[in-house]
Every structure is written in structure tokens, then in C-alpha cells.
1. Only residues that are open to solvent by 30 Å² or more (accessible area, probe 1.4 Å) and either acidic (Asp, Glu) or under 20 Å from residue C:98 (Cα atoms) (or both): list them for the stretch C:165-178, please.
2. Those residues that are of a type in the set (S, T, N, Q) and within 11 Å of chain A (Cβ to nearest Cβ), I need them from the stretch B:284-332; list them, please.
3. Is it true that some residue in the stretch A:98-117 is farther than 30 Å from residue A:335 by Cα and either within 14 Å of chain B (Cβ to nearest Cβ) or touching a residue at least 12 places away in the same chain (Cβ under 8 Å) (or both)?
4. Could you list, in sequence order, the residues of the stretch A:296-339 that are closer than 14 Å to residue A:172 by Cβ and in a strand (DSSP E or B)?
5. Would you confirm whether or not the stretch A:165-176 contains a residue that is assigned by TED's automatic domain parsing to the domain that holds residue A:370, assigned to a helix (DSSP H, G or I) and touching a residue at least 24 places away in the same chain (Cβ under 8 Å)?
6. Being under 24 Å from residue A:248 (Cα atoms), surrounded by fewer than 14 Cβ atoms within 10 Å (Cβ to Cβ) and either over 15 Å from the mean Cα position of the chain (by Cα) or in contact (Cβ under 8 Å) with a residue 12 or more places away in the chain (or both) is the requirement here; does residue C:78 meet it?
7. If you take the residues in the stretch B:211-224 that are open to solvent by 10 Å² or more (accessible area, probe 1.4 Å) and within 13 Å of residue B:146 (Cα to Cα), which one is modelled with the highest pLDDT?
8. For the stretch B:124-147, enumerate the residues that are away from chain A (no Cβ under 14 Å) and open to solvent by less than 40 Å² (accessible area, probe 1.4 Å).
Amino acid sequence: MDEVKNINKTNFAEEFVDATEELVLNMGPQHPSTHGVLRVILKLHHEKVVDLDCDIGYLHRGVEKISETLSYKLAAPYMDRLDYISAVSNNLAYIETIEKLAGVEVPKKAQYIRVILTELARISSHLLWLATHALDIGAMTVFLYCFREREEILNIFEMVTGARLTTNAFRIGGLPQDVPEGFEKAVKDFCEILPGRISEYEALLTKNRIWLARTKNVGVISPEDAIAIGLTGPSLRGSGVKWDLRKAHPYESYNEFEFDIPTGENGDTYDRYLVRLEEMRQARRIILQAIDGIPEGDFTAKVPKVLKPPKGEVYHSIEAPKGELGFYVISDGSTKPYRVKIKGPSFYNLQALKKMCLGHYVADVVAIIGTLDIVLGEIDR
Amino acid sequence: MEFLLVVVVKIVIILAFISLGVAYLTYLERKVIGHMQVRLGPMRVGWHGLLQPIADGLKLVIKEDIIPTQSDKLMFILAPVICFLHAFLVYTFIPFDGPKGFWGYGGYISDVNVGLLFIVAIASVGVVGIILGGWASNSKYPLLGSLRSVAQLVSYEVAMGLAIMGPILLAGSLSMVDIVKAQEKMGVWFFVPQIVAFIIYFICGVAETNRAPFDLPEAESELVGGYHTEYSGFRFALYFLAEYANMITVSAIAATVFLGGWLMPFPSILGPYLSFIPGFVWFALKVFFFLFVYLWIRATFPRYRFDQLMAIGWKILLPLAIANLLVTSFIILYLKM
Amino acid sequence: MAEEKNKNDSLEKGKAPRKPPKKEEVNLYEEIKDFDTFTKVKEKFADIVLDGKRIREQHIFYIKNENILDFFKYLRDEEKYDMLADLTAIDYPDREKRFAILYNIYSFKKLERLLVRMDIADGEEVETVSEIWPSANWPEREVYDMFGIKFKNHPDLRRILLPEDWKTHPLRKDFDVKNRDQDWMERHLGIREDVNSGEVK
């Protein structure tokens, strides 16, 4: 009898609401769209994200510690393995930092070729970003189209450096060797086909209703928040902050080239998509200017075999495809750096994930991870 | 006795045909999408990879059978079978050819007066297999996937059911054969007067079969594999075959109800020249057309988000289907008066 | 195995006392001249700001670990250093104040970067700046993880790159491959290394 009474008393609807729990979903480290070994612990209410925590470090190799035990020159190849998607940019950032510390002047010719290669790396990185981002949202054809063009860039890298992915393209003081014959033609051929190919991707995505529905107003971040959380690169520019290290603090010969900094307005996933597409076009513009203006001269400066920079510390950063990539190197006057600190853009960009994801659906988390363009090699170091 | 023999032979033929069709639909998908994506697709096994489906099937059969320890074992084993069974059961009522087809034996296993209703009913039992599979895996991704698929299938079934009411009203019958005959009599296939219903039906059909851009229950970039994440080997193959069989079903219903089934296009013009082609060839061509559109869509579109998918189902397709049904019935009433 | 051994050897070599450089030392550090922020800060926070240097066109401020929140708030609000670009630590085992924390802040208004360096002793706690710059959240966790420096009032001070039950702090100079957390490895990976030969048991 008592039980019957109890049943009558209980408000089933209320009990039901109380009984629903948050579902903890463990996304990664083995998941198709966390771009590596990122682990995101999601707290879901139905399919909406109420809380999330990133667990990183699955790819921690201790690059900073390793570089303390190697000479300045030997540590350079390790830096390629940070952001392995644009190894050239990583290499450049490290090499430039050491050059700045040691006061090495790089000849103009080497500078121009460095610019060409890093801009190619930017295009290739953005292509890979677009490919995986689109695949995450379900557009699988763009994925293969992008890889087709990336292949061309990797061929050029192979031609110049002998390697396709971790190229170790530069040396302290300049380049390891002069560019081979046919380099100019290969680069120009690539620049020829690129605009048409970018419009192919745009035809598939830019005005696609589903793409708009999936990216507009998803992962919105205001410029103030973006700066506070430390976003850099296209993710910051998507929020409308017109800041690019190539313009703000020109390194190499970037002050000699004409290019625009594309910015977004709403700071959503769609704007970041447009910004990156435009950045590819601008990178092509820089490459075309540089390839026509390669000056005559040496490809490397004279650098002592055993490099011993004077005591001191230097922070230098470049505009890598993913944002501000900086190296902080302390020299104690010996052949090995005392401390190397890598400021990877992805590490800071990933911090924004929580802010951007709360209140969105699980499917949006995937889109937002994609739009932040993270590489775990650089986050975990 | 002869009747029984005929039925058994027909069942064997149709089952073999459909199984082979399903296997080669995977090949077709890989080839078509491959060429759309500037690559070749399977090329290694056999001439232009023609034996690839068989190699895949063999691989899946001889793979280790894994049943997760934490799963509900009975349900885990049962679920893909339910899915598979109902996907193939539907073919009982689909007319591949007219009553005079198949050398006079009738181009279908059975023609009942509630055929279409029966097909829709049976096809929706398949979703039980998906729910059970996701639930029995006792894992979070399959659970989310199966929950999504329940919500999706239930909401799209309503719009789909209402959409095929239009042609049924025109034909005045639920029998698949009668629907085709009505189209023959009317002289125009139902997709012309029922263009709205046709479009709604096809969109719902894509959603019903969990295909892109509505492939949320198995969205691999979000839910890893959706309801079949924990399945492997032959059990996975059953789900896989069921999905492709469902694609053929949806295409076959569309071909029958809207595109005149086994009928020849423009019989007054082409009739004298092409009458030697049997009806099932026309039927197969129509089904192939729908399947090709399926694959084309998959290669072109990104994936919808779950809430957007539901919004399309309930806010756009369902009202449209109801409106179409009302308009059709009023026109029929007016014509009869 | 052989590789592991080589690695150990090279590490040992790395620890060997370095020869003093023969050449005349080049001093890269210059005094700060005509830097507005420095004069202002020097006046306003005379007790915190110890010194300022300029190296390769880059300003570095040296501060004491006192009331740093006021100091950083001033830098953010009045001097418009609105982004914390990086935060890290350096280990000097021989010094009295063992660690140095380096704040790398950037002003979008002035397009100007500023390094702020602060020496702290082992075990000394530092006020977190994640209230001022939210981007400091993860880097501070990283510094805690790698150096064992604790941050006061940090919202979520856990290890970030290494496993949570790991013991050592690998970026300290006295850390070596040989004294990595063997217990952890035995617990989770089921292996134990012989520290001298590098052999896995």
C-alpha cells in the first residue's frame, strides 16, 4: 500500500529531469578528427557541450630538453618535427633566432629563397588544414583536391631539399646549397595552377548551404577575447584583428613585398575559412614577386663551423601558418644553448577551444578543432 | 506445386541478384566517387578492381569475430541480423518487372494489395537493429549514434510516408503493381504531377538510409563509426550490406512509385524500336540513376548538424508533404465531382 | 639498447665542465635609452623594478617577486600590453635564486614586445597572472609541470604535458634521463630500466 501511495506522490516528470545526467564523452586520443593525439574530455547534456577539458602531452618528446644537449646546429632538424605540416616555417624560426643571437647577416639571395619556401609551406599547411577541416565537416572531395595540390608543393620541397615532409631546409647563415635548376619553373608552374584550384574548392564550399550552416556563427570569438586568450595567426585575424608579424615586425625580406592581410568580421569558423583561403592567394602573390626578384649572390654567409653565440638571450618570432611561432634562446657562450623555449601557436590557440565550444553541439567541437588548425607535435613538443 | 517452385526460383534469383547488386554497389560507389575525386578507385583486384567486392567480402568473413566483453551479448549478435533481415525482406514486394515479365511468371515474388504500406513498415523495423546494436555495444559513441539514428529515422519516416501518399491517391491503390499500371494508364509518370512529393521522398530516402549529407548516425569524424563502432568482421558486414540494400530499396521504391517501374520512357516514340528490351532492364536503369545521384550527393556535400537535420525534417519537409497531400486530394476530389 | 647507451654517453659529455671561451666576451646587454615605458614603470614601481636592459633591440625588465599583479595590471591597462605571448621559466641551479620566470608580453597598439624577468628561489610561490591574461593558464601549468614552480591562486594547477602521477620535473637542469620516474614506468608500462646500461627489464 505504501508503495502505491509513493507512486502517486512522485512527480514523474520531475524525477525524470533529475535522473538525466551529464554524459562524459572521451574524445581522443584515438579519434578520427582530433588531428593527432589530442584528447578532449567532453561533458555533454544531450548533445550540447557543457564543459570540456583538453588533455595534451601524448606526443611529448622533450624537444626543449633535447636541444639543451645538442649544439645549435644539430638541434635544427628537431624543430622540423614540431609543426610537421609546415616544417620549413619551424626551421626558419629557429634558424633566424640563432642568427639573431649570433649576429649573422644572411645574404639577400638566401632571404628570397627562404621567403619562397616558407610561403610555399604556408600554402601547403593551409591546404592540409582545408582538407582535414572539410573532411571533418563531411565534405570528402575537397580533401582529395587539396592533397593533389599539396603534392605539387611537396615535389618542389623534394627538389630543393631532398625531403618532402621534414625538410630541414635552411642552415644558420643561409641555405645548405643553391636551388637546383628548374626550381623557378616549378614554382611558377605551381603558381599558375593555384588560383584555379582555389576557386574549385570555393565552388564546393563557399556558397554551399550546408557548409554555411555548419560554419557560420560556430565558434565565435570576439577580438578582445581572442587577444586575451592568446590567439595568433589566421584564428586571430578571423576575429578582425589586423596583425601579421610579416608586416608588424618584418623579418627576412618581407618588407620588400606587397601583400595584404585578410581579416574576418564575425570571428566565426566561416570567417577563418575565408581568411585562410585569401592567405593562400596572398602567399602566391609574395612567391611570384620573390621568384622574379631573386638577386645574384651567395646563398650563405660565412658562419664558423663551431658556432658559439655570445652570452645573451633572444626572443624571435615569425608568422608561421598557424600563428606566432617564437623561439626564446639563452646562450651561455658555449656551443650549446642554455635554454630553448618554443612558443608554438597551436598551444595557445588550443586554449581557446573551451571558450569557443561551450554551448555548441558535439559536431561543432569537431568543426572548431578543425578551424583552430592545431598540430599536436607543436603543442606537446 | 508449380507455383511453389516458381516462387522459390524467383526468391533465389532475386536474392542472388540483390546480394550481388549490393556488393557491386560498394564497388560502384568507390569507382564513381573515386573518379569524382580525381583518383581511380580500386584497381588492383581483377580488371579495374572488379573483384574488389568479393575480396572485401572474403576478408570480412574470415576476420576475427570480436564481441566486447561488456556488451549485451545476445542483443549484440541479434542486432545486425535484424537490420540485415528486414533490409532484404522488402524485396518480396518490389516489382522488378510487370506481370508478364520474367517470361510470363511475373516480375515479382508477391503482389499484395497493401504492398507499399508493407514495405514502409518492414523497412522501419530495420531501425530496431540499429538501436539495439548501439545500445548492446555498451559504449558511448555507438549509443550516441543509435540515439541520433532513432530520432532521425522516426522524424523522416513521417514526412516520407506522407510524401508517398500523393502517388497512392493518384493510383488509388497500395499495390506496387497497380501503382505502375496506373502510371501506364495515365500516360505520364507520377513524378510529373507529384514533383513535390518526389523531391521530398528522395530527400527523406537519403536520410532514411543514413547517407551523406544526413549520415549523422555514423558520422565518422564525430562519432567514430556511430552505431557500428564496436562491430567488426562479419557482423559489421551485415550492417554494411543492410545499408546498401536499403539504398537499393529506396531507389527501387522511387523508381516504381514515381518513375513508372518497369515501363519504357516515351512508349509512343520509342515503343516500336525498343520493345525488345525487357522491363527489368528499364527498372534497373532507373534504380541505377537514383543510386548514382546518391553517390553524387555524397561526393559533393558536407554533413548537416543534428539540430539542423531535425529542423529540416520537421519544419520544412513535413509541412510541405502535408500541403502536397491536401492539394492532391482536393484536386482529385474536384476532378471526380 | 645501443642507441640508448649512446644517448646516455652524450648526456654525460654534455654535463662535463665547459671550457671558458677564449675570445673576448661580447656583451650584448645594453642600458635602456629613451624607452618611455621603462621610465614610467621605474618611477611608479621603484621597489619592484630592479633593472632594465636592451638586447638585440629587445627590452627586458628585471623585477622582484612582490606585488607583481599590480605591476602587470599597470602594464596591461596603462601601457596596453594586451597579450601575454609566452610564459616560461629558466633553471640556474648554481644561483641563490634558482629559477627565473620570463613573461613575454606584447602590445598590439604599439607593436612592441616586452620581456619581463623575475628571479625566484626554489619553493617560492608566484602569483598567477591568468587573471590578467587568460592565456597564462596553460603556460603556467607547463612551468609547474616542467620546473615544479607553484602558482598561487591558479584556477587549475595540474600537470599538463606529463602524466598526473609523474614525479620529476624534467626541465630542471639536474634532471637527467637516468633519474626519470622509474616507478611510474613500472606501474604503467611494466618496464624498468637499468639506469647505467639503459637496459630494459
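1. Once the filter is applied, which keeps residues that are open to solvent by 30 Å² or more (accessible area, probe 1.4 Å) and either acidic (Asp, Glu) or under 20 Å from residue C:98 (Cα atoms) (or both), the stretch C:165-178 yields C:165, C:167, C:168, C:169, C:172, C:173, C:174, C:175.
2. B:300, B:308
3. Yes - at least one qualifying residue is present in the stretch A:98-117.
4. Residues satisfying the conditions are A:300, A:314, A:316, A:327, A:329, A:331, A:337.
5. There is no residue in the stretch A:165-176 that is assigned by TED's automatic domain parsing to the domain that holds residue A:370, assigned to a helix (DSSP H, G or I) and touching a residue at least 24 places away in the same chain (Cβ under 8 Å).
6. yes
7. Among those residues, the one meeting the criterion is B:215.
8. B:124, B:126, B:127, B:129, B:130, B:132, B:133, B:136, B:137
The values are calculated or read from the model by the stated rules, or taken from the named source; none is laboratory data. Everything quoted here is computed from the prediction, not taken from an experiment. Methodologically, a virtual Cβ is constructed for each residue, glycine included, from the backbone with ideal geometry; neighbour enumeration extends over all protein chains shown. Remember, those area values only see protein heavy atoms, side chains included, never the ligands or the DNA or RNA. Shrake-Rupley method; radii C 1.70, N 1.55, O 1.52, S 1.80 Å.
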